[in-house]
1. R351 to A311: extension gain in nm, 0.36 nm per residue of separation minus the Cα-Cα distance?
2. Just name one of A313, G343, L277: the one whose Cα is farthest towards the positive end of the charge dipole of segment 277-355 (beta-carbon charges, Lys/Arg +1, Asp/Glu -1).
3. Going by the alpha-carbon gyration tensor, a ≥ b ≥ c the square roots of its eigenvalues, is segment 343-422 rounded (a/c under 1.5) or, if a/c is not under 1.5, prolate (a/b greater than b/c) versus oblate?
4. Only counting other Cβ atoms within 10 Å, I'd like M511, M85 sorted with the fewest neighbours first.
5. In bins 5 Å wide, starting from 0, what share of all Cα pairs of segment 277-355 does each bin hold, as a percent?
6. What residues have an amide H closer than 5 Å to that of A446, excluding those fewer than 5 places away on the same chain, when H is modeled at 1.01 Å from N in the peptide plane?
7. Suppose every Lys and Arg Cβ carries +1 and every Asp and Glu Cβ carries -1, with no other charges. What dipole size does segment 451-524 come out with about its Cα centre, to the nearest 20 debye?
8. Taking every alpha carbon pair in segment 87-149, what does the distance histogram look like in 10 angstrom bins from 0, in percent?
Amino acid sequence: NMDVPIALAILLAAATSLYETFAARGAHTWFDAALSLTFFLLVGRYLEHRARATARSAAAELTALELPRATRLTATGRETVDVAMLMPDDRIALAAGARAPVDGIAETAAMVDRSALTGEADPVALAAGDLVCAGEVILGAPLTLRATHRAEDSTLRRLAALVEVAETGKHRYSGIADRAARLYAPMVHGLAAVAFAVWWALTGDLHHAIAVATATLIITCPCALALAIPAVTAAMTGRLFRAGVLLKSPTALERLADIDTVVFDKTGTLTEGAAVLPALDPDAASVALSLAQASNHPASRALAASLAGQAPAELRDVVEVAGQGLTALWNGVPVGLVRGKDGPELHLPDRCIPLPLTETPRPGTAALIAALRAGGWQVAMVTGDTSTRASALAAKLGIDQIHAGVLPHEKVDLVRGMTEQGRRVLMVGDGLNDTAALAAAHASLAPGSALDAARVASDGVILGGTLGTVAQTLRLARRARSRIKQNLALAVAYNCVAIPVAVMGFATPLMAAAVMSSSSILVVLNALRR
């Protein structure tokens, strides 16, 4: 690999200098070259480390948000316990300014600071029954939290795990650079050997021939090539995380730079929904709540929020079909919460009760669509909803391409069809019915509120509550590709000039060390600049 030529050069310079010292020829020693080469090389490696640490620190910051102890409320009073001992349904007392130790449900209205997790600058108002995630800070007044997950299953812990995946993954460009270095190193060794043989044969001066060979090894070391790409990737990944987008695929940045078409799922991605409920009898309300609680679909979440305070019915054999709804048995009778023309429908014995949804766009969505179109990206919306509802939302947001009434497998076909037309598709979705399309797209993003399956299938997670960072992500990905090309061009140009200079004997080992290391530092600084 790239370390072989440089190791040989340092050893050769040091060994030759030791020989010259003991042979009383101190004027021709190259200790300064060996030491200067090592120094400049370490400077370049330190800058690369700083670039990578920018992204690596994200996991450390998330881990620092975890608390070691919490105050648990019991029948006999308060007790301080290790956070690892907290179990679902435990009640936890949080003072104003305290950080939530686990995910849980707020028992009263509250204000929370989510900036550490999502980057949202403004406090968020929560109602009783709303979710509080581990790491969020309680503002204004004390709050009692009812735990829903253990600490090891918290949103914070899952986010930290995703960060570790993003930080440890290697970009595909790095693999190309490594393969190029493996081809490059034998060429450098051969070139140095030829230079040594030719100069020794022409001059008969062994000392000068060794000097030329050593300078050739040093000046042609492929450090700049090896640093050019990972430094850019690490710097941009860290910058995107601070902006609110976590890239968890090692090749995501490269593929995002190729995107020309962005496809958005509608319900739960572009919109936030709320159920409009008719007057329900107790049985219907309890069955509807139990069915809604069994699904993480945005419509189900909205329905469950609207039925908060009801007692859920006991159901058996609950089955969810992606894009269709849920069915179950209630007292031995089939019931269902299924997709209807105007929203969810509750099916009870001999009854069909419509539960329509009202949808509002997520904050900043219209501005995002305008920014994408201004940047040259095509924008499309895909949904299983009706054409009427889809068209109304698309007109409000400024989306021209609409695909309505699309089933989950048809979403995959849509993405593949666009790909076959030569388009590079970014899929943005949050539901179970989006998972296959997320996996099939050239690149994919999922909101932080998406189902686990959607987050796993996607290349990145949007941590904040808005989609505004999608355009920024695509712009930074293109900038990263441009920086990589610049760095590769710098490395190639440097070698085109440096190799003839070294082989012709015009560069001393000290000059070679300074020039080679300077080129490595240059490409890292180019990667780090704004």
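1. On the way: separation 40, 0.36 × 40 = 14.40 nm, distance 2.06 nm.
The R351-A311 span can extend by a further 12.3 nm.
2. G343
3. Working: a/c = 3.52, a/b = 1.55, b/c = 2.26.
Oblate is the answer for segment 343-422, as a/c is 1.5 or above yet b/c matches or exceeds a/b.
4. On the way: M511 17, M85 13.
Listing M511, M85 from fewest to most nearby Cβ atoms yields M85, M511.
5. For segment 277-355, the binned pair fractions read 3, 17, 33, 29, 15, 2 percent.
6. Residues meeting the criterion, in which the H sits 1.01 Å from N, are G460, V461, I462.
7. On the way: 7 positive and 2 negative charges, 53 e Å.
Using only the charged Cβ atoms, the result is roughly 260 debye.
8. Result returned by the calculation: 26, 60, 13, 0.
Read the figures in this text as sums done on the coordinates, not as results from a lab. Given the structure is predicted, the values throughout are model-derived calculations rather than measurements. Quick reminder, even Gly has a Cβ in these numbers, built from the backbone with ideal geometry, and neighbours come from all protein chains shown.
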